[in-house]
């Protein structure tokens, strides 16, 4: 890797760190190409990025960002998963780590808050941004549905009473 490629790599990683809502650092322990491709596809579907990075370049890229505290995690064969949604990357990595022992969660960060492995797992257990939006919409729609049911209930009761009188008269 020549100097210009290193500069491009540092610039790319700096952009990732500046845009990310959360970052997860993993250690790859001999994943096969098929496993790596599968992980990358799952991460891409979740709207996140996954980049194997040289440790020295990652430390340079993280300097001056909110994620400066994770610089100590860059040892050994590391990769960086990042997403704008703070939960997306963590969910995919934790789920994938359950299926294989070839990837180890080192830690991560959410803004300036540094997370250890258990912190990343706790982050992954939280609902995603889309799930929270769906719950919020459900809560907003629920009162309107109940009002509609209450408004039609007296008419339905009245119709049942008239139906009962009609059966008695016949």
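The values are calculated or read from the model by the stated rules, or taken from the named source; none is laboratory data. Model, not experiment: these values are computed from the prediction. Quick reminder, even Gly has a Cβ in these numbers, built from the backbone with ideal geometry, and neighbours come from all protein chains shown.
Would you check which residues across the stretch 30-40 are in contact (Cβ under 8 Å) with a residue 12 or more places away in the chain and either within 14 Å of residue 80 (Cα to Cα) or part of a strand (DSSP E or B) (or both) and list them?
39
Which condition from (1) assigned to a helix (DSSP H, G or I); (2) over 13 Å from residue 110 (Cα atoms); (3) in contact (Cβ under 8 Å) with a residue 60 or more places away in the chain is the one that residue 17 breaks?
(2)
Can residue 131 be described as farther than 18 Å from residue 20 by Cα and in contact with a strand residue (DSSP E or B) (Cβ under 8 Å, 6 or more places away or on another chain)? Full working, then the answer.
Numbers: farther than 18 Å from residue 20 by Cα: yes; in contact with a strand residue (DSSP E or B) (Cβ under 8 Å, 6 or more places away or on another chain): no.
It is false that residue 131 is farther than 18 Å from residue 20 by Cα and in contact with a strand residue (DSSP E or B) (Cβ under 8 Å, 6 or more places away or on another chain).
What residue, of 90, 82, is crowded, with 22+ Cβ neighbours inside 10 Å, part of a helix (DSSP H, G or I) and in contact with a helix residue (DSSP H, G or I) (Cβ under 9 Å, 6 or more places away or on another chain)?
Values: 82 fails: part of a helix (DSSP H, G or I).
Unique residue meeting the criteria: 90.
Note down all Cβ pairs under 9 Å where the first residue falls in the stretch 41-57 and is in contact (Cβ under 8 Å) with a residue 24 or more places away in the chain and at positive phi, the second is surrounded by 14 or more Cβ atoms within 10 Å (Cβ to Cβ) and in a strand (DSSP E or B), and they're at least six residues apart or on different chains.
From residues that are in contact (Cβ under 8 Å) with a residue 24 or more places away in the chain and at positive phi, the pairs are 47/83.
Going by the structure shown, is residue 167 part of a helix (DSSP H, G or I) and either outside the structural domain of residue 11 (by TED's automatic domain parsing) or within 18 Å of residue 17 (Cα to Cα) (or both)? So that I can check it myself, show each step before the final result.
Details: part of a helix (DSSP H, G or I): yes; either outside the structural domain of residue 11 (by TED's automatic domain parsing) or within 18 Å of residue 17 (Cα to Cα) (or both): yes.
For residue 167, the condition - part of a helix (DSSP H, G or I) and either outside the structural domain of residue 11 (by TED's automatic domain parsing) or within 18 Å of residue 17 (Cα to Cα) (or both) - is met.
Considering every residue within the stretch 73-93, establish whether at least one is without any contact (Cβ under 8 Å) to a residue 40 or more places away in the chain and in the same structural domain as residue 17 (by TED's automatic domain parsing).
Applying the first criterion (without any contact (Cβ under 8 Å) to a residue 40 or more places away in the chain) to the stretch 73-93 yields 75.
Those still in the list that are in the same structural domain as residue 17 (by TED's automatic domain parsing) too: 75.
Yes, the stretch 73-93 has at least one match.
In the stretch 41-73, what count of residues is obtained for those that are outside any strand (DSSP E or B), modelled with pLDDT of 90 or more and in contact with a strand residue (DSSP E or B) (Cβ under 7 Å, 6 or more places away or on another chain)?
The qualifying residues number 1.
Please determine, by comparing only the residues of the stretch 112-127 that are within 28 Å of residue 72 (Cβ to Cβ) and under 14 Å from the mean Cα position of the chain (by Cα), which one is surrounded by the most Cβ atoms within 10 Å (Cβ to Cβ).
So in the stretch 112-127, the residues within 28 Å of residue 72 (Cβ to Cβ) come out as 112-126.
Applying the additional criterion that residues be under 14 Å from the mean Cα position of the chain (by Cα) yields 119-126.
Working: 119: 17, 120: 28, 121: 15, 122: 13, 123: 21, 124: 22, 125: 11, 126: 13.
Among those that are within 28 Å of residue 72 (Cβ to Cβ) and under 14 Å from the mean Cα position of the chain (by Cα), it is 120.
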